[in-house]
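Here the structure is laid out as structure tokens; the discussion comes afterwards.
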Amino acid sequence: MTFSYRLALTAARVVVEGRGPLSVDGADHIPRTGPTLIVANHDTPLDALVVGVAARRHRQVRFLAKRSLWERRPLGAVLDRLQQIPIERGGESGGLDAAVEALRSGACVCVFPEGTLSRGRTLRVRSGAARLLTAVPETRLIGCAVTGAGALASLTHRPRVRVVFLPHSREPRPADYGLSVASVENSMRTIRTIAPPSS
């Protein structure tokens, strides 16, 4: 874990845990080494902070984020220092190339397969996460359900934030796109039983 990432986690913990404890279940499912792909629901702008804090004892997490964030100075420079991965919304290839390279180097990458904030809607699962699994089939797939993060921005409600990491299969996965799609979709269905879409 880099020094810059540790500093960022310190600030993130103030936001996530400053007004109440963060409940984390299943963090031991996160492999401590090797290519790992976390897929999570995306209901609030603070989900990435919550996932990063919840995983902090196990891995540094590199998130796929919309490229437009890099246009905001000095935010772009900060994201680069934290080794986050820019991606074009609606055109995934550039960001996925960098994510594939990160996985091949043994990194832990997080993707929000629904692509955007749910805002209470049920969204289709996009293809990016399955393409990553197909490109790097030795990757461990970890589902992650986040609930309660929306209250972090409220001054009137005490946050009750919970993160659940789901167990992964240890069986080798062939480089098959159809199987990868099924794996991601199954993970997201399980996640959404724990964390139904919320605005």
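Nothing in this text is a laboratory measurement; each read-out follows from the coordinates by a stated rule. These numbers were taken from a predicted model, which means no experiment stands behind them. When we count neighbours, we look across all protein chains shown, and the Cβ atoms used for this are built from the backbone with ideal geometry, even at glycine.
For region 3-194, what does the alpha-carbon gyration tensor say about shape, rounded, prolate or oblate, given a ≥ b ≥ c as the root eigenvalues, a/c under 1.5 as rounded, and a/b over b/c as prolate? The shape class here is rounded. For region 25-109, the share of DSSP beta bridges that are antiparallel, to the nearest 5, is 10%. In the chain, Cα pairs under 8 Å separated by at least six residues give a relative contact order of 31 percent. Electrostatic bookkeeping for residue 151 treats Lys and Arg as +1 and Asp and Glu as -1; over the other residues with beta carbon under 12 Å from its beta carbon, the sum is +3.
Of the beta bridges in region 24-171, as assigned by DSSP with both residues counted there, near 25 percent are antiparallel. Using the Cβ of residue 40 as centre and a radius below 10 Å, the other residues enclosed give a net charge of -3, where K and R count +1 and D and E count -1. Inter-part distance, region 1-50 to region 143-199, computed on C-alpha centroids, equals 13 Å.
Multiplying the residue separation of residue 189 and residue 19 by 0.36 nm and removing their Cα-Cα distance gives an extension gain of 58.2 nm.
In summary, the helical segments of the chain meeting the span-like criteria, namely a full DSSP H run, a Cα extent along the axis of 15 angstrom or more and a mean Kyte-Doolittle hydropathy of at least 0.5, are 3-17. Peptides 51-57, 122-128 ranked from most to least packed give 51-57, 122-128, packing being the mean of other C-beta atoms within 10 angstrom over each peptide's residues. Other residues lying with their Cβ under 9 Å from the Cβ of residue 165 contribute a combined charge of -2, Lys and Arg counting +1, Asp and Glu -1.
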